[in-house]
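Before any comments, here is the structure.
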Amino acid sequence: MERLFAGVGAACHADSVDHYIQQFMWAFQQYFRSDVTSLAKQTLSAIGVEVAPEALLIGYYTGAASVDWPICIEPESGPFHPSSFEDIEQEGQRRYDASDMPSRRYSDPDSNKRLHEGALEGFRIDALTDTLNGLGESMNRLYFVGNPGEVDGFRVYPVLSVLASRWDGFPALSKEHSDGQFSTRRSLQHAVVAEILATAHRSLSKKVPPRGFEYRATEAPDVIRHGLSDFIRRIAAVHGNWDGSELTDAMNAVAAQPYEGRTGIGTVLVSKREHPAIQLGMEFRRPIRLSQTRSFRKALEMTGPDLSLVSDGVEAFGLGRLLSNYDTESESVYRLQVVGRGSWELNHEDMPLVRIDNGIASSPSPRIAKGKFMDTVERVFGVGAESETLWELTLAAAEQQHGTMLVIHSDASGESQRLGSQALAIEPKMIDAAMLSATSAIDGAILVAPDGLCHAVGVILDGTAVSGTGDSARGARYNSAVRYEHAARSNTCVIVIVSEDGMINLLPNLRRRVRKATVEQAVAELETSAAGEVDFAAAARASRHVESLSFYLSAAQCEVVNQARKRVEDEREREVLQAGRASITRIGFELLEPNEAMNTSYWLPES
């Protein structure tokens, strides 16, 4: 029997209205799934993890009545059929019976019941995860399954999938570690996904079936904050002190605390107190609690390139170093490093796991990506620029802890003369990292030509403020670079901005280049999905894809896209009115127009 969708919720989502719901769990399941996807996109994008997340729901009917679909999947138009998940219950039970769980007992009956119900559910989730990942391998998707909630007689599992090839490119530990009571997360992004699924579980578990995912846009930072705290707390619990729940707050506080008026830096090694690979050179008679910010800040000043505070995540009990015999595969020693005012990082060996700037966490990426830098230099100056030489200078500039600017200008000689009264002009010369470090000690930028020759140091950049440019949250160095780059566009320049907090920006921030065929294919897919009998789910996916490529669309392509979207809207309204259903008839869309900044330099070679 088909169940009629009668959703009249306030939220309107482009992929949340279908003809009829055959695999019906509750009336607003499409809205709920769409909202989980939306939050996942916001949250993962905010930490720098662009992995095209998509949510789905898998429900198992637990009631006594007979239903046509005892297993339901939302969206039912997706790549999976319920028959693929018929054996999950049995497989979960088999894994439970094969484990040591049946022999475990708590004396309290209620606690014992919760223990075994939770364990059985965990094995079902593992079985469902394995099945999904087996099916999704050919689609380059990786699946994560959360704890289920009971909704109108269905046990509903929230699921989140990501692009596997992109996900694997972000830093992560090799595996989860456990001390029998706590288990670590493999990365910040794993912790954030777990927090999204946990929030979905809480919403699904409410007495009233959810109309949508109950969150506000401002809650995405909360998800990240909770995920970060959970990630670091688990590392401290397993590899240091089980009571390390305040470690994140302690690091935020000490990174924001200046020492004698200056920004401080320093490192902390986190491990078990008697770790065999840590050599303690100085032991404090009275350990310093990391929550005591002033004492922690003062002790951090004693650290150096080969000397760190040694801590279990709760107390610092001395100064020491990590020995060369450390077994990196054990993943049992972590380095917390304050890198600037309000900024710190968590690393394992040479692998950065998370960076925090003023309490905002992100998945670490290279401080400045070589590929993007090389692409920008080529597009601004052409193939004649000494890209490798300029890259070496950029790396040297990135290491300046007090901040600096490297300005690469096509007419560096003329600029050194024009700005001579507010710069120190020099005879053109190649400079190395040591010379760059010395010259960046004074105020002003370092001016070099595309061939790598330095023409001036201590350059004070000019330029007029332009409405819509700059960032009021950033300092004078960044905003002066924005003004200068905007004024110098006719002469072309590239600027590397290194802030005191370690942030690095590259100007101009050019959009990525794409293949023309990619854009043409996206437009064609939307046009096809909107033709004939409209496939609303396919049209919604194609519309989102085209939206992401809107910068590159020509006037003719914009017209095709606008017409296709209008037809989808018209067809949805016609079907709803014809069926006499209470539902959303029109979602609405913004008309696309060609972007004036688009030109042929944004196309990749088709070969």
Per-residue Cβ neighbour rank within 10 angstrom, fewest leading, C454, C558: C558, C454
Low-density loop cleavage sites - chymotrypsin sites (Phe, Trp or Tyr not before Pro) in region 371-410, where at most 13 other Cβ are within 10 Å (DSSP): none
Relative contact order of the chain, defined on C-alpha pairs under 8 angstrom at six or more residues apart (%): 10 percent
Least to most buried among W344, W603 (fewest other Cβ within 10 Å first): W603, W344
Lysines with Cα under 25 Å of K370, excluding same-chain neighbours fewer than 8 positions away: K429, K516
Rounded if a/c under 1.5, otherwise prolate or oblate - region 29-233, Cα gyration tensor axes: rounded
Residue-averaged [θ]222 nm for the chain, counting only DSSP H segments that reach four residues, each worth -39500 (n - 2.57): -11500 deg cm²/dmol
Global form of region 514-604, assessed from the alpha-carbon gyration tensor, a/c cut-off 1.5: prolate
Lysines with Cα under 24 Å of K298, excluding same-chain neighbours fewer than 8 positions away: K272
Helix runs (DSSP H) in the chain reaching 27 Å along axis by Cα, Kyte-Doolittle at least 0.0: 220-239
Largest-first principal axis extents, alpha carbons of region 59-152, Å: 48, 34, 19
When region 218-329 is reduced to its Cα atoms, the Kirkwood hydrodynamic radius in Å: 14.7 Å
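Read-outs: derived from the displayed coordinates by stated rules, not from any lab. Note that the coordinates shown come from a computational prediction; the quantities given were computed from them, not determined experimentally. Glycine gets a Cβ as well: all are built from the backbone with ideal geometry, and neighbour counts include every protein chain shown.
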